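Engineer: Got a structure for you, written out below as structure tokens; questions coming shortly.
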Amino acid sequence: MAKSIQSIRGMHDVLPDDSYRWQAFETVIRQLMAAYGYREIRMPLVESTDLFCRSIGEVTDIVEKEMYTFEDRNGDRLTLRPEGTASCVRAGIQHGLLHNQVQRLWYSGPMFRHERPQKGRYRQFHQFGAEVYGIDTPDIDAELILISARLWQQLGLKNVRLELNTLGSNEARAEYKQVLVDYLNQHRDVLDEDSLRRLATNPLRVLDSKNPAMKQMLDRAPALIDHLDDESRQQFDKLKASLDEVGISYTINPRLVRGLDYYCKTVFEWVTDELGAQGTICAGGRYDGLVEQLGGKPTPAIGFALGMERILALLESQQQQPLQTVDIYMILIGAASEIKGLQISENIRDALPGVKMITHCGGGSVKSQMKKADKSGAGIALIIAEDELENEQVTVKYLRENKEQVTVSVDELAAFITKIV
């Protein structure tokens, strides 16, 4: 017997028992983004490798170690997208959506990074992202943070907190980078191997280190917030004032720098202590220079992305009640009932298009069908057997409530269901 083929490490199936959680999550996202006037954009899974080298940065871990890159039959270098922003910008430039325009966009779908799989970090993972182009004032920064906060509220998510920082302008950050490099060079004996590598390529990322042996040294490092230009400082103050006004709590984290080269000015993360090392569930910030960097006209831009697997894992850990995926299970006893039951089922679906109903197929005893009805999670069972068929009635049995079963005429069934489902 041939050995069965398994899924690729770090790339998981979403089975029917879990897919309804994804569907419910996606429904909340779609409705929320529509309420704020954002429109969906869908980009290809595969892009030119050069897109990510130019946007993310050739000396980042993503490009150097994590991207799935290959040559196609024409010899072109292609990459499975590791994140969504670069693709969104590329699409905006290519289709003329960005210059002298305001665009509020959102997307969702799989991304790919060859990382060591662990809880909340997979090689195929799913992101939801929101991006705004053409607005350079901090009110749009506040709006995106408000959208994410409202999402947690609508999902019933608890124990997440907002961390906020500003990276200043590109010029201010370049000056700060030199100050930081000078400081870190004075403490090279404390730096681990990874930090020494980053010191030569992306020194701000050294501040992200979780190495406890470096914590004291990094706590004393110069803070970027002390080297801001006036415009960035004013913009950050306005953002904080807006969040204060609407009651969004936040913590200033001067070590929050984000891992991608294209960020500037506002950066933020929503974090939790309930997912272990993978505590960031949503992150974003400004990338005002990215459109020009990828060949477009100068365009202010800001966005965020969240890891859908991490959100769902957090919801599960907080013991959110599963959604009822089926409202009704129709039990049909006997050949005549099986034929008539299909017609009644279709009549119910015509009258109540929002109702979720399984019509039993495959025959079986009342006992076996009742077991399947209970396992389905349905709230009620509709039973049609010989007596019900003769009297043009349906028996309604409550599966989740301690109520007596009742008999309802076929003509009144849709109206009855409307009252209880």
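Engineer: Is at least one residue of region 144-161 at pLDDT 90 or above, touching a Ser or Thr at 6+ places or on another chain (Cβ under 7 Å), among the charged types (D, E, K, R) and buried (at least 17 other Cβ atoms within 10 Å of the Cβ)?
Structural biologist: Among the residues of region 144-161, not one is at pLDDT 90 or above, touching a Ser or Thr at 6+ places or on another chain (Cβ under 7 Å), among the charged types (D, E, K, R) and buried (at least 17 other Cβ atoms within 10 Å of the Cβ), which makes the answer no.
Engineer: If you go through region 27-39, how many residues are touching a Phe, Trp or Tyr at 6+ places or on another chain (Cβ under 8 Å) and either of a type in the set (D, E, K, R) or loosely packed, with under 14 Cβ neighbours inside 10 Å (or both)?
Structural biologist: Going through region 27-39 one residue at a time, the tally reaches 1.
Engineer: For region 374-421, what are the residues that are among the small types (Gly, Ala, Ser) and touching a residue at least 12 places away in the same chain (Cβ under 8 Å)?
Structural biologist: Ser376, Gly377, Ala378, Gly379, Ala381, Ala385, Ser409, Ala414
Engineer: While we're here: Residue by residue through region 336-362, note down the ones that are surrounded by 16 or more Cβ atoms within 10 Å (Cβ to Cβ), more than 19 Å from Ala415 (Cβ to Cβ) and among the hydrophobic types (A, V, I, L, M, F, W, C).
Structural biologist: Of everything in region 336-362, just one residue is surrounded by 16 or more Cβ atoms within 10 Å (Cβ to Cβ), more than 19 Å from Ala415 (Cβ to Cβ) and among the hydrophobic types (A, V, I, L, M, F, W, C), namely Ile358.
Engineer: Which of the residues spanning region 21-72 are of a type in the set (Gly, Ala, Ser) and farther than 23 Å from Arg197 by Cα?
Structural biologist: Across region 21-72, the qualifying residues are Ala24, Ala34, Ala35, Gly37, Ser48.
Engineer: Still on this model: Tell me which of these Arg349 doesn't satisfy, since it passes every other one: (1) free of Cβ contacts under 8 Å to residues at least 24 places away in the same chain; (2) assigned to a strand (DSSP E or B).
Structural biologist: Every listed condition holds for Arg349 apart from (2).
Engineer: Return the only residue of Ile302, Ile281 being at pLDDT 95 or above, closer than 21 Å to Gln127 by Cβ and of a type outside the set (Ser, Thr, Tyr).
Structural biologist: Ile302
Engineer: Here's something else I'd like to know. Of all residues in region 222-252, which are at pLDDT below 90 and surrounded by 12 or more Cβ atoms within 10 Å (Cβ to Cβ)?
Structural biologist: If the condition is that a residue be at pLDDT below 90 and surrounded by 12 or more Cβ atoms within 10 Å (Cβ to Cβ), then Pro222, Ala223, Leu224, Ile225, His227, Leu228, Asp229, Glu231, Ser232 are the ones that fit.
Engineer: Do we find that Ala378 is in a loop (DSSP other than H, G, I, E, B) and surrounded by 16 or more Cβ atoms within 10 Å (Cβ to Cβ) in this structure?
Structural biologist: In short, yes.
The values are calculated or read from the model by the stated rules, or taken from the named source; none is laboratory data. Bear in mind the structure is a predicted one, so any value in this text is a computation, not a measurement. In this analysis, Cβ positions are derived from the backbone assuming ideal geometry, glycine residues included, and neighbour counts consider all displayed protein chains.
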